[in-house]
Amino acid sequence: MTRSTESEAGAVNAAPAKRRQAKKNKAQQRKAQLAAWGFIAPVVIYLAAAYAYPLYRNIDLSIHSYTVTSFVTGNAPFAGFAEYTGIFKNATFAAALLNTTIFVFVSIAFQFAIGLALAVFFAKRFRLNTLLRALFLVPWLLPLLVSASTWSWMLNSDSGIVNAFLKAVGAAPIDWLTSPTWSLIAVLIANIWIGIPFNLVIMYSGLQSIPDDIFEAASIDGAGGWQRFWRITFPLLRPVSAITLLLGFVYTLKVFDIIWIMTRGGPATSSTTLAIWSYQLSFGSFLPDFSSAAAVGNVLIVVAFVFALVYIRARHRLETT
Amino acid sequence: MTVQASRKARAVGAALLTLGTVAALAACSSGSNSSNTGTPASTGAGTSNASSTASGSGGTYNFWDPYPQYNATSDWTKLVESCGTRSGVTIKRTGYDTTALTTQALLAAQQGNAPDILLVDNPVVSTLAKAGALTTTAQNGLSTGEIATNILGAGVINGSTYGVPIGANTLALYYNPKILSQAGVNPASITSWSTLTAALAKVKAIGKTGITFSGINTEEGSFQFLPWFWGSGANLTNIDSPQAVAALTLWTTWLKDGYAPNSVIQDTQTTAWQEFQTGNVAFAENGTWQKATAAQMGAKVIQIPAENGGSAPVPTGGEFFTIPVQKDSSRYATSAKIVQCMSATDNIVKTDNTLNYIAPTKAGQQAQESADSSLSDWISAVGVAKARTGDNLGTKYPLISQQLWTAVQKAESGAATPSAALSAAQSAAAAAISKG
């Protein structure tokens, strides 16, 4: 009884205190939340300024029909999807799309295969391993301007070292950069060379994370080198491979500098990719066509986004199984 | 409940923050007008400020040019600054890369903070004028009386003049006298396409390269093709005419017969010149700006021949002084005074000598020739030169030019015959013009 009265009395006394406590808690919570916003603000501001606003501007440019006049006065008429249908109907679009597709898939196939092969090669310990691996990183470390200019000199029709070599071994010289059949191949070669180190580094570190005892167990069970690669290395590298391929895809899709320096998308449109075309539309002549260029840019963004979704789905499936 | 509520609050907060940032950014971009450039943001506040500048008590005038290579201590900057001092104002000079300058000028016009004076490449004048970014000489009071009409051409659109040229350069045919004498070619005999091609054949016979030019897929390619295009009698409004096909066939035949190296398809004017400098090439189509390096290697120059004899019309290169639209129109008088100073004969001759330009006025050209007689070839070349945007083409020129260089590329690389390439170009150009 006494206890209950005591507790009741206590409860009566405690009620206002509790309320006060709750108020204090709320104030504290609000303060904490404010502080949290303070911490998150730089990121949000950065994201809005560097990603959201440019993206919004790009979409805005592409759904209005901007001429130089309306670009200055700012009263471009709303065009809906007219700019998009315009670029789809343009003869350059089909060529640029085909070139982009070939460029991306052939680049990635070779970069990935060669990068993986080199990673497996370097996973074995041998003398000069580190030195050789460091040498393979050179293409990655050079400024793209330097490597692209060097490739362009090497592949020059008349004075390039590649044609000099071809002549020396008795083969016919090739107009690498100036023939419509070879120009895309020439920029592909340069791009594959530049992309190998990226694949090598990521696949190599992926290989390091596979425990040695799995390989030991496999070789005790009698698995040969080939089997060990296809049954152990390759499946265990799948998550690393997926992210390498996705990143490679996005990088290659927007490759601009190598092609621009080596061929400027030419001869004619034979090495024009969507990224090159977008640049040509907005900065290639004295009369910029910003709306069409923005539309081409948005098509590229959508393609990259679709592939990112495919990656996320594949990854999700991998995790659930 | 609370979790949901706080999540909702977070989402709303994020949305608000994003909005706030965008608004702040927009405010920044429009607010920077006045502080950056000294252009009054609001007409009311600015007028008093500017009228005091016009009366000579100072103020800052902004000047943009495409010469980033000249720093603050260069003669060019000193001339610009002294012209400001003479007009009682300070000039803030900014040098941009040529291609960046067009975009910068358009952006500045969009945001209402254009520079007071803008020096731009001549084909850009029509683009900026169409955008409504430039004042006419009638509005700004610049005088154009002494300037040769063919050089002024690029600045004239629909009867209005939008600027004055700083100088002009153009193309001619450089030759290597050593190779020509070895091959037994007399440079004076080259007066038409057939005599030139015959000379190239003789050069090839002694194991040297005939000619280099820039057939690249940029404006440079069109610029270099135009003397042959115009020299055939072709007109830019009809780029698939038989005359145009003849001009493109001339180039493709040179490539096919090995008179011109295959690399011309991707050569810029600079790389084509480097090939000529090796001493293995007889002829090079190149510009006034190479005359110093040409003299060093002993190269001489002749006019580019037209198809059936005589000099072919060549395109003019070079920049124009323009006065962009300002909210405060009282600034034009001072800007015009500054431009008049920079383009006065004494000053412009000095500038044009540094920039390797030919002066746009008779008086200026005479002063240049009396100081350096080797310029006489170039002065006569500029005399027969034509503005690319002339013939009232204006902003149609960039659209036509883009198709023209694409056609040149297709024919050179063998992707299409000259006539097929040019007729495709004509219909693409017509479509682009009707769209714009």
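The numbers here are math on the coordinates, done by the rules we state, and not lab data. Small disclaimer: the values here were computed from a predicted structure and weren't measured. Cβ coordinates were reconstructed from backbone atoms using ideal geometry, including for glycine residues, and neighbour counts include every protein chain displayed.
Per DSSP H run of at least 4 residues, take -39500 (n - 2.57); add these up for chain A, divide by its residues and hand me the 222 nm value, nearest 500 deg cm²/dmol.
-24000 deg cm²/dmol
Give the Rg (one decimal place) followed by the Dmax (whole number) of the protein assembly as shown, computed from C-alpha coordinates and expressed in Å.
32.6, 132
Rg to Rh for chain B: what is it, with Cα atoms only and Rh by Kirkwood?
My calculation puts Rg/Rh at 1.07.
Return the distance in nm (one decimal) between the two label points of a simple spin-label model at A:ILE232 and A:LEU47, each offset 7 Å from Cα along Cα→Cβ.
So the label points at A:ILE232 and A:LEU47 sit 4.2 nm apart.
Could you check what % of the DSSP bridge pairs in the protein assembly as shown are antiparallel, to the nearest 5?
Counting only bridges with both partners in the protein assembly as shown, antiparallel ones make up about 65 percent.
Using 0.36 nm per residue of separation minus the Cα-Cα distance, give me the extension gain between B:ASN308 and B:THR90 in nm, one decimal.
Additional length available on full extension: 73.1 nm.
Report the paramagnetic label zone for A:VAL146: residues of the range A:254-268 whose backbone N is under 20 Å from a point 7 Å from Cα along the Cα-to-Cβ axis.
Those under the cut-off are A:256-262.
Rounded to a whole number of µm²/s, how large is the Stokes-Einstein D of the range B:361-436 at 10 °C and 1.306 mPa s, given Rh as the Kirkwood radius over C-alpha pairs?
Stokes-Einstein gives a translational diffusion coefficient of 105 µm²/s.
Report, ordered by chain and residue number, the aspartates and glutamates lying within cross-link reach of B:LYS202, taken as a straight Cα distance under 14 Å and ignoring same-chain residues fewer than 8 apart.
In chain and number order, the partners are B:ASP257.
Work out the length of the dipole vector of chain B about its Cα centre, built from +1 on the beta-carbon of each Lys and Arg and -1 on the beta-carbon of each Asp and Glu, and round it to the nearest 20 debye.
940 debye
Which net charge results when you count Lys and Arg as +1 and Asp and Glu as -1 among the other residues whose beta-carbon is under 10 Å from that of B:TRP228?
Every neighbour counted, the sum reads -2.
Compute the angle between helix A:144-154 and the longest alpha-carbon principal axis of chain A, please, reported from 0 to 90 degrees and rounded to the nearest 10.
Tilt relative to chain A: about 10 degrees.
Looking at chain B as a GNM with Cα springs under 10 Å, which of B:GLN224, B:GLN139, B:GLN69 has the largest mean-square fluctuation?
Residue with maximal mean-square fluctuation among B:GLN224, B:GLN139, B:GLN69: B:GLN69.
To the nearest 10 degrees, how steeply does helix A:274-283 sit against the main Cα axis of chain A, on a 0 to 90 scale?
90 degrees
Over 29 Å between Cα atoms: which of B:LYS130/B:LYS300; A:LYS89/B:LYS396; B:LYS337/B:LYS362; B:LYS410/B:LYS435 fall into that group?
Check vs 29 Å cut-off fails for B:LYS130/B:LYS300.
Divide by every residue of chain B the summed helix terms, -39500 (n - 2.57) for each DSSP H run of at least 4, and state the resulting mean residue ellipticity at 222 nm, rounded to the nearest 500 deg cm²/dmol.
Taking each H run of at least 4 residues, the total per residue is -16000 deg cm²/dmol.
About the Cα centre, and with charges only on the beta carbon of Lys, Arg (+1) and Asp, Glu (-1), how big is the dipole of the range A:84-320? Nearest 20 debye, please.
260 debye
Given the convex hull over the Cα atoms of the range B:156-306, what projected area results after averaging over all orientations, in nm²?
Over every viewing direction, the Cα hull of the range B:156-306 projects on average to 9.8 nm².
What FRET efficiency would be calculated for the residue pair A:PHE105, B:ALA198, taking the C-beta separation as r and a Förster radius of 51 Å, to the nearest 0.05?
For A:PHE105 and B:ALA198, the calculated efficiency is 0.55.
Taking Cα pairs under 8 Å and at least six residues apart, what relative contact order does chain A come out at, in percent?
25 percent
Using only the alpha-carbon atoms, how far is helix B:396-413 inclined from the longest principal axis of chain B? Give it as 0 to 90 degrees, nearest 10.
40 degrees
Per residue, how big is the convex hull of the range A:84-320 when only Cα atoms are used? Give it in Å³.
159 Å³
Sketch the reach of a paramagnetic label on A:ALA91 as a point 7 Å from Cα along Cα-to-Cβ, and name the residues of the range B:223-263 whose backbone nitrogen lies under 15 Å away.
Once the point is set 7 Å along Cα→Cβ of A:ALA91, B:239-241 turn out to lie under 15 Å by backbone N, inside the range B:223-263.
Could you give the radius of gyration (one decimal) and Dmax (whole number) of the Cα atoms in the range B:80-148, in Å?
13.2, 35
For chain A, modelled as a GNM with alpha-carbon contacts under 10 angstrom, which of A:VAL255, A:VAL120, A:VAL72 fluctuates the most?
A:VAL72
What FRET efficiency comes out for A:LEU98 versus B:SER374 if R0 is 51 angstrom and r is the Cβ-Cβ distance? Round to the nearest 0.05.
So, using R0 = 51 Å, E works out to roughly 0.50.
Quick one: plug the Kirkwood hydrodynamic radius of the range B:322-362 (C-alpha pairs) into Stokes-Einstein at 20 °C, 1.002 mPa s, and report D in µm²/s.
D, rounded to a whole number, is 187 µm²/s.
Would you mind telling me the antiparallel percentage of the DSSP bridges in chain B, rounded to 5?
65 percent
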